[in-house]
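A short worksheet on the structure shown next.
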Amino acid sequence: MTLTDKQAEMDFQQIKPYSNTVWNSESFACQKPRPEQGVLTKLLQGGDPLPWCRANKTVPVSMIEEPTPADIKQRLKENKDETHWDENQYSAGSLNKWGLIYFYLAAIGKGFCIFVGPIFILVMLGFILFDNTLNYSELIEVIVNYVIFVFLLCGLIWGYFEASGRGYIPMPWFMKAVKHFTFSRSTGKVTRYKNNKELYSHPFSEFDCYLVSSPSHQGILSYQLHLVHRYHRYSDSIPLHTFTTSEQPDELKRIWNLIQRYMDTSQPMPDVPELEPARAKDPTTAAWDAQNNRKPDYWFSMDDDEFEEALLELQAEQRFKPTQGPEIDLFNGGTQA
C-alpha cells in the first residue's frame, strides 16, 4: 500500500458516521397519514404538496451559478474554512438590522473612497491649474474638511468592515447573524428559528413541500416554495424559494429535488460547487466518488470561463430531464413503525 493509499484510508476512517435518525429513501418508516386540512389551509399552501422522491442528479442551475468556485475558495480562505453548508448541515441566515445598516454604510464608504475621492482630487487640481482668483486658504480648509469628515471617516468604516470580514480584527458586536433554518444531513432533522431561538425541530420525513403561486399586480404568476410540517400548524413555514432568485416552477422543483438528495444518506450529496470541500468528509459521498473516479476538485479546478461553460452544458443536459427522481410512497412504501 502506497503512502497516498494509507492517507486516503486514514481520512476515510476519520469520516463521522450518521445518526440513527437520518433520512434514507431506501429504508424508512411509514409516516402517519396527513391530517385533514380545511379549504383555507389548502388554498394558502397551494393545494397538494409536491411528491416525495428518490432524488436524481438534477440541480437548479440558477442556484449554483453564484458564487463561482473562485469566490467560494476565497471566502473559505477568509473565513478559515468555516461555511454555512457542509457534510453535516445547511444553515440559512442573514444579518440583523444593525448589521445590514453597517453593511450599507461600508458600501457607501467604499464608494466614497474609490470613486468620489479621485473625482475630488481632480476637481481640486482643476481649481489650482485654471482658477487664478483662487483663495488658497479656503482651498486648504475644504481639503482638510474633506479628508477629516469624508475620506477618513468613510475609510475607517470601510476598512474596519473589510478587516473584520477577513478575520484580521474582531467582528463588531452588532454584526450578529440571525439564523432562519437548518437542514441536518447528519441527524435528519429540520429546524426553524425565530430571533435566533429554536421555534421547532422535526425529522425531515415529517415535512411536505408546497409550490405556491400568486398573481402579481400585472397579472403575472409568481411562485414560491415552502416546507410545511405535516402534523403541526405552525405559523412559520420554511421558505425554500430563498435558495434561488428564479421563480420558474421547474427550478423550484429542482430545489426540492436537491434538498431531498442532500438529506438522503443512501445517496451522495448533490454535486454542486458549495459542497466540493465537504464531499470527502461524507461517508456515502466519499465512497461514491472513489467508486466513480470523480475528481476531488472537479469544480474548484475551473476558472470563471470554464465554470460558465460547464453551467451552460449542465443547463442544456437537464432541459429534457425530469426535475425530480422516481416518486416514493412515504405512507405505504416503507416499513411499519
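Structure notes:
- Cβ-derived FRET efficiency at R0 45 Å, T335 paired with L156, nearest 0.05: 0.15
- The ranking of F331, F181 by Cβ neighbour count inside 10 Å, starting from the fewest, reads F331, F181.
- Linear extension gain, S266 paired with N293, 0.36 nm per residue minus alpha-carbon span: 7.9 nm
- Packing, taken as the mean count of other beta carbons within 10 Å per residue, orders the peptides 81-90, 252-261 from highest to lowest as 252-261, 81-90.
- As a calculated quantity, the FRET efficiency between K77 and N195 at R0 = 30 Å, using C-beta atoms, amounts to about 0.40.
- For peptides 105-111, 268-274, sequence by mean Cβ density within 10 Å, most packed first: 268-274, 105-111
- Both radii are taken from the alpha-carbon atoms of the stretch 225-337; with Rh as the Kirkwood radius, Rg/Rh is 1.00.
- Cβ-Cβ FRET estimate between T245 and I128, R0 fixed at 41 Å, reported to 0.05: 0.30
- Debye intensity ratio I(q)/I(0), log10, the stretch 254-314, q values 0.26, 0.27 Å⁻¹ (C-alpha model): -1.15, -1.18
- Long-range amide H partners of M269 with built H, under 5 Å: T285
- Residues whose placed amide H lies under 5 Å from that of G93, excluding near-sequence neighbours: H180
- Cβ-defined net charge surrounding E198, 12 Å radius [Lys, Arg +1; Asp, Glu -1]: +4
- Working from label points 7 Å from Cα in the Cα-to-Cβ sense, the Y234 to L139 distance is 6.5 nm.
- Environment charge of T335, counting only residues whose C-beta is closer than 13 Å and scoring Lys/Arg +1, Asp/Glu -1: -2
Each reported figure results from applying straightforward, stated rules to the coordinates on display, with no laboratory input. Fair warning: this is a prediction, and the values are worked out from it, not measured in the lab. Quick reminder, even Gly has a Cβ in these numbers, built from the backbone with ideal geometry, and neighbours come from all protein chains shown.
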